[in-house]
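Taking it in order: structure first as structure tokens, then the write-up.
The values are calculated or read from the model by the stated rules, or taken from the named source; none is laboratory data. Note that the structure is predicted; figures quoted are calculated from it, not measured. Virtual Cβ from ideal backbone geometry, glycine too; neighbours counted across all protein chains shown.
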Amino acid sequence: MLHFSKQTIYTEHMSIIRDIAGIAKGMSVTFREMFAPTVVENYPDGPGPMKGAVFQERFRGLHVLQRDENGLEKCVACFLCAAACPSNCIYIEAAENTEENRISGAERYAEVYNIDYNRCIFCGYCVEACPTDAITHGHGFELATFNASNLVYRKEQLLAPIKPMRTEAPVESTSQLKEPAQDHP
Amino acid sequence: MAEPKSITITVDGKSLSAPAGTLLIEACKAVGIEVPSFCYYPGLSLQAACRMCLVRIEKMPKLQTACTVQITDGMVVTSDSDEVRQARKSMIELLLGNHPLDCPVCDAGGECELQDMTFKYGAAESRYMEGKLHKEEQQWSPVVYFDRPRCILCYRCVRACGEGMDVWALGVQNRGSSSVIAPNQGDHLECEECGMCIDICPVGALTSGAYRYKTRPWEMKHVGTICTHCGDGCKTTLGMRRSDTGMDIVRGDNRDKSGINGDFLCIKGRYAFDYFDHKDRLRHPLIRRNGQLTQATWEEALEHVGKRLKEIRDTQGGQAIGVIGSNRTTNEENYLLQKFARTVLGTNNIDHHRTTDFAGFARAITGKQNATATMRDVATASSILLIGNDPTEQHPLLAWNIRSNVRLNRAKLFIVNSRPIKLRRQAAAFLQVPEGRESKFVAFLNGDDTAAGSLTSPAVSNDSLKQVRDQLRGAQDPIIIFGSELRGADIAALVKFGSGVRAMFICLGDYANSRGAADMGLYPDLFPGYVAADGPHNFNEEWGKVPQVKGMDIAGMMQAAKDRKLAALYVVGSNPVTDYSFDPAALQNAFVVVQELFLTETALLAEVVFPAASAYEKAGTFTNTCGDIQLLKKAGEISSVRSDFEIIVRVADRMGADTKKLVPFGKGVHADMGQSRGAQSGEADRHAVWLTANNLDPRLSPFDPMAILDEIQRLVPGYEFSRLNLIAGNDEHVTAAEHSNAGAGNGLVQIVPANDSLFTSGTLGRYSHTLNSVIENRRSTESKEVMAD
Amino acid sequence: MADLVSHPDETRVVSQRFGKGAADINRHLELDGYKAVQKALQMQPDDIINEVKTSNLRGRGGAGFSTGMKWAFVPKQSDKPKYILVNGDESEPGTCKDRLILEHDPHSVIEGVVIAGLAVGAKVGYVYIRGEYRYLVDIMRKAIADAYAKGFLGKNIFGSGKDFDVHWHTGAGAYEVGEESALMESLEGKRGIPRIRPPFPAIVGLWGGPTVINNVETLASVPHIILMGGQKFADYGPPKNGGTRLFCLSGHINKPGVYELPLGYPLKKMIYEVGGGIPNGRKLKAVVPGGSSTFVLTAEEADQMNMDFDSFSKRGEFLGSGGVVVLDDQTCMVKFALRVMKFYQHESCGWCIPCREGTDWLKKTLTRFHAGGGLKKDIDNIKYLAQNMLGRTFCPLGDAAAIPTMSIVDKWRSEFEAHLEGRPCPFEPEGSRTISELPVIA
């Protein structure tokens, strides 16, 4: 005669219950997500310049060479990014600022600043090395190309655009300039 | 001089010995204990201003500066303790108070002593909250910029300029925290523009106009090579950076101080490399077509030259061809050129622009031992006699060594000159003699008292002449240095006097390798090693048949060209039309080939012009005016030019010559046609035997200068130096002149000194932007005044 | 011309001819002038040195080194000429004694130079007068000319067959030149920057020759020592501190002036009796005992001090140059520290890093601090800077700047704390200084 101990019955029955619970738990996620708003970006059909792509702030994408508050380039061509770069993809030629041709805030600026994205591994060492916070990682990522030479980005492609200056009332005539500003106490 | 006795001191528990009188900082350095310092610099006067070298010496109440303390027996020193480290850290903190933190922009960033010390001793976090002193950067000259806030006032520049260069163009203005280094002209410098102040600056306060903001130290490749200007052979370290056309030279300096020049470089060594990428530099072969020099391919030019030269040689014989060599091509190229002339062209018509009488010098010292001094000897000799020349202008390193020797070792300097040259300020006796009477002084030295009559003047009395002679007669192993004022028999007379006092000699010639050109036999009457062309020699065996008669010198060639007896002239790196003021019309009927960097007056007359590589773009060896041979390393690269060596080999090849005979390369080369009995078998290659004996491998390329160096070392007596030492970047002394077999002089001597100043350098100097931009250059051409005097 | 002061406790030795017109050579002769030289001419050089040694005369410039010892260091034989230098570059703040000597009794200095010359075998002396004491140059020039005219200087002085020349020279106004080796540099026509020692001036000094360099007061004491005998001079003061000394009382005191008092005179008595106490009934706060380079004393310390070299050196401090500056209880010690630092910052020669940068930094910090821009960490920073200057500079100027600063921070820390958090100086009325005058804080 078969004899089932209480323990055995309990174990067998419990396994069925556990299976049902497991399925229910799994399905609960499915059902919950079914009604939750979608997290998949609508890339590349989304709106805006990012075409729907959304990034964490920390994402390391295409580099951006920043400008200071005066619109001058922050890069002073110190070569520290090139020195820090493990894949040796940064090429710089330095030149000296002159009174007539002022590019950066310091004495020197980068006349040529190339990043070879064939080689760049987006490690961010260059950003860490930069003493003037000139080079940063942007969120650009659409780098695919049919021609490898297109992947050598020049300074012009990397530079941040010049921000429009603070809007001021347009000066209409020179006589206005001579009058003292009356709004200021 | 008795050696000072060695005494023992204890530093950080280690016991070390050094001669009495050694400075503590030097004693520590000798055993590898680093005591930091900014203001201490070996060879310059002591300052004790930076207080970085403070150490604890037992029984002294305060910390002591290791740079001023001479060691005493039993001294116990602590150079590394918390107290000492804190003292150093606080000095750095104080310095950084007013020092701008613009390291990312500063030229010195990466090779800055202040940066290094900050890393080493901390002070990373600043306690400084006050406003920093700021002053705008100043330009003192085309080559010197001064960024005042960066200056840490170590006074190295002031001392290097004053004590070292004897120019005294820098000083200190104001006091306290307003102290500032200032140039002699208030807002600009008028000096020798040597750039010593820049190199010696531990921070980025003094920066070089040529190098400023161009690159960073770690971005450059550094090549230690030889300066290509005067005959002193200073080692210069070139900073190289890649560029569109190859490798660009961005700066020349003296980083490792390992060369014969030690700390020294003049304006030429530091800046005058800049002719290499001058816009007028020849970058294509030129062939005259319809009377115009037009761009051609290498193929066309080589073919044309090879064909024409072969034609002329075969129809008119070798004596219808003349060859003029260069003072600034390498030993290998010079040797190859004369070998090419003698074996391929079949002529002894080979000469070069002689700036001094090296041949006469070789004749005078033949067979004497240790008769030539090295450049290093000048810095240690106990007494020096200088006859003629103005080393400050024409041999700046020699002048530096003389000055240092007088200053540091109290050497006695005697000067005989027709002009009041600047070195007279260091002289124990300065005898200004009428121009052209230098030889009379030599006669006087040899005991001809009647010669004194033509030497005396209000400034030079009979007694002072005798006094100098007496001192020289009693001198201990003096060095006698003479310029082109003495020639032929005068040199022989001088050597006769010098032999009596065991003197060593230096014969001063201009340009980077004029001594090499002479040693390598760019003479119509002398083979390599000053062997008489018409005397007994073994070059027939080595090279095959060579012409036995003396050739024509430059003047002879020009006359022959005028008389239409010279059908072709092959010129390498020389400008005889200007140097010898020849009538260009003389060459109108000759087939002239020129290998040059620039379109010189001679090149303008050529039928074919080959663009040659400069000395920065090729390898080889240079022999300086003293006979110190050094390795020239390839640094820069200009696409589309070729070395003189390669051009000669290629032309020879086009003429149908066997290049293996010309340049002994490849395995089993029979450089001497194997006529001699070998070591073991019947016929042996003497060159191969020599190579094996010297542990050298056969060269693989006909364009490898080392292949010719092998042959030079084998065939030119006095060139048996240590190859290993040379390749390690050191200098070796060669004594071809002492081993010469030149026979009697033949009166062919025509010496044309270059008379260059510090700011000119023959053809190359004309194309140096820096040399032409300094104001002293303009002044020196306007009036030949003695500088900074 | 400064008014002369007097007090019954004074022992007039060096100042005995003050106010008697002794700048005139004839008047000077009436007052026993030039007798000491004539006596010295009869003596052996070693006897002169021994006499000075016996007198326990110690350098009056501030360091207090035994004068006799200093002279004895000069080698007897020398290839180069020997020199006597008079250090009249009296620039220590609070010190004004040499001025009176040069003004009232220039001949005693000349006499002292000649005697020193006889003692060490020198034939030339230089009197170097501070650049700012332009008017004293005229007095000294006349005195030297008069002495030459009388045959006291030049060839065959006093018919003795010996020669001695004295020249005057003036500086261009630099405290640093008061340092002996800087003075020699200045005299040689170079920048007034100290020399590396050793070698000491006694071996290699002016123009490379062995040189004795003494303070004006030291040399002016010498003729009196020769005349009265060394022992008598020594007996004026306590053991090892021979003689009298000119003390220059200044600051918050009723009767400021120069008083000649024996060494070892109690400081308290000097302030309250000789100086007549503190004006307006205020209380004593601090005393600078000997020129601004010395440790500043609190009122309690001042009460116990005797003014001699050894009493101070026992405490690890030093007596200094005799310039006693008294500060009352209305004095802001931060302001005082700033004033002192301004002086040293201005006078630093700029040669070595700690002094050049340290004084500048301290001045800037103290300026900001006093104006109310101070932070708590600045107090420790000021002390840290001073400590790191002390003993590490090329010459004593750095120490001179560090010592008062350190002692002020240590002893009056509470006053520094009272300036914190933008509070105005507690000793200055509201609004005397506004935040807008603050230096820029980077």
query = Mind checking whether some residue in the stretch C:257-267 is over 18 Å from the mean Cα position of the chain (by Cα) and either surrounded by fewer than 16 Cβ atoms within 10 Å (Cβ to Cβ) or in the same structural domain as C:GLN345 (by TED's automatic domain parsing) (or both)?
reply = no
Looking at the stretch A:52-61, is at least one residue touching a residue at least 24 places away in the same chain (Cβ under 8 Å) and among the basic types (Lys, Arg)?
yes
Residue hits (the stretch B:27-56; touching a helix residue (DSSP H, G or I) at 6+ places or on another chain (Cβ under 8 Å), more than 18 Å from B:GLY164 (Cβ to Cβ) and within 13 Å of another protein chain (Cβ to nearest Cβ)) are B:PRO36, B:CYS50, B:ARG51, B:MET52, B:CYS53, B:LEU54, B:VAL55, B:ARG56
Across the stretch B:80-100, the tally of residues that are in contact (Cβ under 8 Å) with a residue 60 or more places away in the chain and in a helix (DSSP H, G or I) stands at 1
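Please enumerate the residues belonging to the stretch B:57-79 that are crowded, with 16+ Cβ neighbours inside 10 Å, in a strand (DSSP E or B) and either within 11 Å of chain C (Cβ to nearest Cβ) or without any contact (Cβ under 8 Å) to a residue 60 or more places away in the chain (or both).
B:ILE57, B:GLN64, B:THR65
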When every residue in the stretch C:392-424 that is of a type in the set (Ser, Thr, Tyr) and crowded, with 18+ Cβ neighbours inside 10 Å is compared, the one nearest to the other protein chains (Cβ to nearest Cβ) is C:THR393
### Message
Criterion first (buried (at least 18 other Cβ atoms within 10 Å of the Cβ) and in contact with a His (Cβ under 6 Å, 6 or more places away or on another chain)) does C:TYR128 satisfy it?
### Response
yes
Picked from the stretch B:172-192 (must be of a type in the set (S, T, N, Q) and away from chain C (no Cβ under 14 Å)), the residue farthest from B:GLU111 (Cα to Cα) is B:GLN185
Only one of (1) more than 14 Å from every other protein chain (Cβ to nearest Cβ); (2) farther than 15 Å from A:THR132 by Cβ; (3) under 23 Å from the mean Cα position of the chain (by Cα) does not apply to A:HIS63, and that is (2)
Listed by first then second residue, the pairs whose first member lies in the stretch C:279-305 and is closer than 16 Å to C:SER321 by Cα and assigned by TED's automatic domain parsing to the domain that holds C:ARG315, whose partner is part of a loop (DSSP other than H, G, I, E, B) and among the polar types (S, T, N, Q), with beta carbons under 9 Å and at least 6 positions apart or on separate chains, are C:VAL288/C:THR294; C:GLY290/C:THR95; C:GLY290/C:SER321; C:GLY291/C:THR95; C:GLY291/C:SER321; C:SER292/C:THR95; C:SER293/C:SER321; C:THR294/C:SER321
Filter the stretch B:1-52 for residues that are part of a loop (DSSP other than H, G, I, E, B) and among the hydroxyl-bearing types (Ser, Thr, Tyr); the one that is surrounded by the fewest Cβ atoms within 10 Å (Cβ to Cβ) is B:SER45
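I need the helices (runs of 4 or more DSSP H) fully contained in the stretch B:480-596, keeping only those with at least 1 residues that are within 28 Å of B:ILE647 (Cβ to Cβ) and among the polar types (S, T, N, Q).
Output list reads B:514-519, B:539-543, B:554-562, B:576-579.
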Considering the stretch C:333-388, residues that are in contact with a strand residue (DSSP E or B) (Cβ under 7 Å, 6 or more places away or on another chain) and within 11 Å of chain B (Cβ to nearest Cβ), and then whichever is surrounded by the fewest Cβ atoms within 10 Å (Cβ to Cβ), we arrive at C:GLY373
Apart from one, (1) in contact with a Lys or Arg (Cβ under 9 Å, 6 or more places away or on another chain); (2) part of a loop (DSSP other than H, G, I, E, B) all hold for B:GLY360; the odd one out is (2)
Scanning the stretch B:193-220 residue by residue, those closer than 30 Å to B:ILE629 by Cβ, away from every other protein chain (no Cβ under 14 Å) and out of contact with any Ser or Thr (no Cβ under 8 Å at 6 or more places or on another chain) turn out to be B:CYS194, B:MET196, B:ASP199, B:ILE200
Filtering helices (runs of 4 or more DSSP H) wholly in the stretch C:166-265 for at least 2 residues that are closer than 29 Å to C:VAL287 by Cβ, of a type outside the set (D, E, K, R) and in contact with a Ser or Thr (Cβ under 8 Å, 6 or more places away or on another chain) gives C:216-228, C:230-236
Selection from the stretch B:124-150 of residues within 11 Å of chain C (Cβ to nearest Cβ) and in a loop (DSSP other than H, G, I, E, B) yields B:SER126, B:ARG127, B:TYR128, B:MET129, B:GLY131, B:LYS132, B:LEU133, B:HIS134
**Residue check for B:ASP244: surrounded by fewer than 19 Cβ atoms within 10 Å (Cβ to Cβ), over 23 Å from the mean Cα position of the chain (by Cα), more than 18 Å from B:ALA108 (Cα to Cα) and within 12 Å of another protein chain (Cβ to nearest Cβ)** = yes
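Looking at this structure, is B:LYS89 facing chain C (nearest Cβ under 9 Å), closer than 20 Å to B:LYS120 by Cα and surrounded by fewer than 20 Cβ atoms within 10 Å (Cβ to Cβ)?
When the stated conditions are applied, B:LYS89 passes them.
Out of all the residues in the stretch A:117-137, which are of a type in the set (Gly, Ala, Ser) and within 11 Å of chain B (Cβ to nearest Cβ)?
A:ALA129, A:ALA134
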Across (1) away from chain B (no Cβ under 14 Å); (2) surrounded by fewer than 22 Cβ atoms within 10 Å (Cβ to Cβ), C:GLY320 clears everything bar (2)
Matching residues in the stretch C:40-86 (in contact with a Pro (Cβ under 9 Å, 6 or more places away or on another chain), surrounded by fewer than 18 Cβ atoms within 10 Å (Cβ to Cβ) and of a type outside the set (A, V, I, L, M, F, W, C)) number 5
